[in-house]
Amino acid sequence: DAGITQSPRHKVTETGTPVTLRCHQTENHRYMYWYRQDPGHGLRLIHYSYGVKDTDKGEVSDGYSVSRSKTEDFLLTLESATSSQTSVYFCAILPGQGYEQYFGPGTRLTVT
Amino acid sequence: AQSVTQLDSQVPVFEEAPVELRCNYSSSVSVYLFWYVQYPNQGLQLLLKYLSGSTLVKGINGFEAEFNKSQTSFHLRKPSVHISDTAEYFCAVVGNTPLVFGKGTRLSVIA
C-alpha cells in the first residue's frame, strides 16, 4: 500500500461542467503524477508535479489543469468536461529513493 | 524522449504453458525499465524493474524479464502460467522524461 487515495472513485457528470479529482498521499513524496487510461492507449501522462506549486505538462494536457498547494494533495481539474475526457484517471507518486512509480486505485469518470 | 512498443495487444495461452510478452523501447539516453500488472478493475502493481546490474530480473508471482540493450528489448516471461495471471501487462520506461507506458498486452489464461 503506497498510501495513495483518490476521490471520488466514480463520477458521472454532464458535458460542460467543471470537475475536480483529488489525489492524496500520506508520505510527503515530492513527485506526483496524473495519468489517464483508455483502451488501446495504455496510460498517458496528463500533468505532473515536482513540488508545491511546481507543475509541468505531460503528453495529453489539453483541457486539464492541476494545482498543488500542499505536499500531500494534487488536484486535477477539467474546466469544462467533454465526452472525450471519459476515462479512468490514475494518480501516482515517486518515492524519493526509487525510480518506479506507485499508483492509486483510480477514478472512473464518465462525461455524458 | 523515450517510447515503448508492446508488440502484442492480446496473448491467449493455456494454463501451465509458458508465456512471453514482448516489449521494445526507443531512447537516446540510458533508461530504467519496468513491468506493471493490472488485474481486472484494479490499479497498477509493479511486477519487476531493471535499473542496473544483472540483465535478468525476477519479479513477483514467478515472472522474470531480460534486458537486452543491443536489441532494445525487455521481454517478460513466465515458465508456467496460472488462471490468476489473467490481467493486462504494461511495459514502461523512464530516461530523461517521466515514465512512458506501452499500450498494454492483455494476457488471457485458458483452463
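Inspect the stretch B:84-91 for any residue being of a type outside the set (S, T, N, Q) and open to solvent by 40 Å² or more (accessible area, probe 1.4 Å) and give the result as yes or no.
There is no residue in the stretch B:84-91 that is of a type outside the set (S, T, N, Q) and open to solvent by 40 Å² or more (accessible area, probe 1.4 Å).
Residue by residue, here is whether (1) charged (D, E, K, R); (2) on the phi > 0 side of the Ramachandran plot; (3) in contact with a Gly (Cβ under 8 Å, 6 or more places away or on another chain) holds:
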site	(1), (2), (3)
A:Val12	no, no, no
A:Gly16	no, yes, no
A:Arg22	yes, no, no
A:Tyr31	no, no, no
A:Ser67	no, no, no
A:Tyr89	no, no, yes
A:Tyr102	no, no, no
A:Thr110	no, no, no
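Name the one entry in A:Gly98, A:Gly40, A:Gly58 that is in contact (Cβ under 8 Å) with a residue 24 or more places away in the chain and either open to solvent by 20 Å² or more (accessible area, probe 1.4 Å) or at the interface with chain B (Cβ under 10 Å from one of its Cβ atoms) (or both).
A:Gly58
Name the one entry in B:Leu44, B:Leu56, B:Leu107 that is in contact with a strand residue (DSSP E or B) (Cβ under 8 Å, 6 or more places away or on another chain), open to solvent by 50 Å² or more (accessible area, probe 1.4 Å) and hydrophobic (A, V, I, L, M, F, W, C).
Criteria check complete, one pass: B:Leu56.
If A:Tyr64 satisfies all but one of (1) free of Cβ contacts under 8 Å to residues at least 12 places away in the same chain; (2) under 11 Å from the mean Cα position of the chain (by Cα), what's the number of the condition it fails?
A:Tyr64 satisfies every listed condition except (1).
Search the stretch A:101-112 for residues being under 15 Å from A:Thr26 (Cβ atoms) and in a strand (DSSP E or B), and hand back the single one that is farthest from the other protein chains (Cβ to nearest Cβ).
Top of the filtered list is A:Tyr102.
Within the stretch B:4-22, identify whether any single residue is exposed (fewer than 14 other Cβ atoms within 10 Å of the Cβ) and among the β-branched types (Val, Ile, Thr), and answer yes or no.
no
Across the stretch A:16-37, which residue is farthest from the other protein chains (Cβ to nearest Cβ) among those that are under 17 Å from A:Ile93 (Cβ atoms) and among the aliphatic types (A, V, I, L, M)?
Looking at residues that are under 17 Å from A:Ile93 (Cβ atoms) and among the aliphatic types (A, V, I, L, M), I get A:Leu21.
Would you check which residues across the stretch A:61-90 are small (Gly, Ala, Ser), in a strand (DSSP E or B) and open to solvent by less than 60 Å² (accessible area, probe 1.4 Å) and list them?
Across the stretch A:61-90, the qualifying residues are A:Ser65, A:Ser67, A:Ser87.
Take B:Leu33 and tell me if it is crowded, with 20+ Cβ neighbours inside 10 Å and at pLDDT 95 or above.
Against the criterion (crowded, with 20+ Cβ neighbours inside 10 Å and at pLDDT 95 or above), B:Leu33 qualifies.
Given B:Lys78, B:Lys69, which one is surrounded by 19 or more Cβ atoms within 10 Å (Cβ to Cβ) and farther than 22 Å from A:Leu43 by Cα? First the steps, then the outcome.
Values: B:Lys69 fails: surrounded by 19 or more Cβ atoms within 10 Å (Cβ to Cβ).
Residue meeting the stated conditions: B:Lys78.
The values are calculated or read from the model by the stated rules, or taken from the named source; none is laboratory data. None of the values given here were measured: they were computed from a predicted structure. Neighbour counts run over all protein chains shown; Cβ positions are idealised from the backbone, glycine included. Accessible surface areas use protein heavy atoms only, side chains included; no ligands, DNA or RNA. Shrake-Rupley method; radii C 1.70, N 1.55, O 1.52, S 1.80 Å.
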